[in-house]
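Enquirer: After the structure tokens below, expect a handful of questions from me.
The values are calculated or read from the model by the stated rules, or taken from the named source; none is laboratory data. Values in this document were obtained by computation on a predicted structure and should not be read as measured data. A quick note on method: Cβ atoms are made from the backbone with ideal geometry, for glycine too, and the neighbour counts reach across all protein chains shown.
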Amino acid sequence: MTTAETASSRPSRRGSQSGAGDRADHAAVESGLERTLALGWIAVLPLVVAYELALALEPASPRNTAEYVLTLPFQGLFAHPELGRYGLEIVATLLAGWAVFHGELGLVRRATRIAVEGFVGAILLGPLLLLLLHALEVSPPAIGRPESVPSLTLAALLVGGAAFEEVVFRVGVFAALVVLARATFDWFLGLPRTARVLAEITALVGSAVVFAAAHLAPVVGLVSPGGEPYDGARFAWRATAGLALALLFRWRGMGVAAWCHAFFNLALALGAGPEVFL
């Protein structure tokens with residue numbers, strides 16, 4: 001091979017390597033974008049719409065506590081506080097839509113994949129919770145089988161409520177705990193990397209405990225009627241579920257966690273309690 005031929009072949013190799021690098025960078029960017037809140041919100045819109053339709057058709061239906069908390073700031077501003085919630089949902093959808101299209105994502109394909117991942121996660125969540133409870137030597141809770149198939153309204157409230165709970169507990173509480181814990185550990189230890197790891201662990205455990213506590217009557221009663229009395233087995237069940245959902249949120253993003261939560265809620269409503277796996 002002549003020197004000229006060798007020189008002429010070099011750019012093609014560089015171009016090939018550059019092309020491979022560009023493809024890898026593009027794949028990495030897409031993977032990161034799939035985990036963003038923007039795409040996550042777009043992916044859970046069907047759950048939110050189902051929830052809002054259920055409340056519109058049956059206004060007397062019990063509302064999800066997380067959704068109620070989000071509406072609290074509008075209680076004194078509007079005669080109909082739900083208008084504030086609608087406004088938040090519309091603004092979030094517009095901003096998320098702009099971010100998603102601006103990022104040139106394959107919206108339908110990726111949103112569908114998020115829902116499918118959530119479905120797979122819901123299938124695995126039940127056995128995983130039982131394994132975690134067994135490792136902790138805690139008996140699974142006694143969840144009675146429903147007397148009848150839930151109505152479409154109840155099903156919509158359950159799956160839609162999951163989306164609001166992910167926004168409040170995973171996006172809100174988890175993120176707040178990470179920020180506070182990281183600043184605290186960094187101030188005391190002066191070790192940024194260690195502080196980051198400890199903050200992640202604190203947020204995972206803390207958000208799971210808050211999630212479980214938010215279903216108790218004394219806590220729910222602070223903002224709305226409802227809730228259930230304390231039961232150790234149920235609290236452990238919900239805390240481990242909150243931990244699993246927080247890990248899923250951290251790994252795959254809000255959308256996957258919300259769909260997993262929604263499918264799991266629906267499965268429980270249909271009678272797939274702990275005894276199904278035992």
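Enquirer: Out of all the residues in the range 85-105, is one or more free of Cβ contacts under 8 Å to residues at least 24 places away in the same chain and surrounded by 17 or more Cβ atoms within 10 Å (Cβ to Cβ)?
Expert: Yes, the range 85-105 has at least one match.
Enquirer: Tell me the residue from PRO141, PRO146, PRO127 that is under 30 Å from PRO59 (Cα atoms) and modelled with pLDDT under 95, please.
Expert: PRO146
Enquirer: Kindly list, by first and then second residue, each pair from a residue in the range 214-227 that is surrounded by fewer than 16 Cβ atoms within 10 Å (Cβ to Cβ) to a residue that is among the charged types (D, E, K, R), limited to pairs with Cβ atoms under 7 Å and residues at least 6 apart or on different chains.
Expert: Every condition considered, the pairs that remain are ALA217/GLU228.
Enquirer: Then there's this: For the condition surrounded by 16 or more Cβ atoms within 10 Å (Cβ to Cβ), touching an Asp or Glu at 6+ places or on another chain (Cβ under 8 Å), under 15 Å from GLY253 (Cα atoms) and at pLDDT below 95, what is the one hit in ARG170, ARG110?
Expert: Just one listed residue meets the conditions, ARG110.
Residues checked against (1) assigned by TED's automatic domain parsing to the domain that holds THR112; (2) in contact with a Lys or Arg (Cβ under 7 Å, 6 or more places away or on another chain); (3) at pLDDT 90 or above:
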{"site": "ALA27", "(1), (2), (3)": "no, no, no"}
{"site": "LEU45", "(1), (2), (3)": "yes, no, yes"}
{"site": "PRO59", "(1), (2), (3)": "yes, no, no"}
{"site": "PRO62", "(1), (2), (3)": "yes, no, no"}
{"site": "GLN75", "(1), (2), (3)": "yes, no, no"}
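Enquirer: In the range 239-257, is there at least one residue being crowded, with 20+ Cβ neighbours inside 10 Å, without any contact (Cβ under 8 Å) to a residue 40 or more places away in the chain and under 21 Å from VAL120 (Cα atoms)?
Expert: Checked against the condition, which is being crowded, with 20+ Cβ neighbours inside 10 Å, without any contact (Cβ under 8 Å) to a residue 40 or more places away in the chain and under 21 Å from VAL120 (Cα atoms), the range 239-257 yields at least one hit.
Enquirer: VAL209: free of Cβ contacts under 8 Å to residues at least 40 places away in the same chain, surrounded by fewer than 20 Cβ atoms within 10 Å (Cβ to Cβ) and under 22 Å from VAL179 (Cβ atoms), yes or no?
Expert: yes
Enquirer: Which one of the conditions (1) modelled with pLDDT under 90; (2) out of contact with any Pro (no Cβ under 8 Å at 6 or more places or on another chain); (3) over 21 Å from ASN64 (Cα atoms) does LEU247 fail to meet, given that it meets all the rest?
Expert: (1)
Enquirer: Let me ask something else. Just give me the residues in the range 120-152 being buried (at least 16 other Cβ atoms within 10 Å of the Cβ), β-branched (Val, Ile, Thr) and under 23 Å from ALA258 (Cα atoms), in sequence order.
Expert: Selection gives ILE143 alone.
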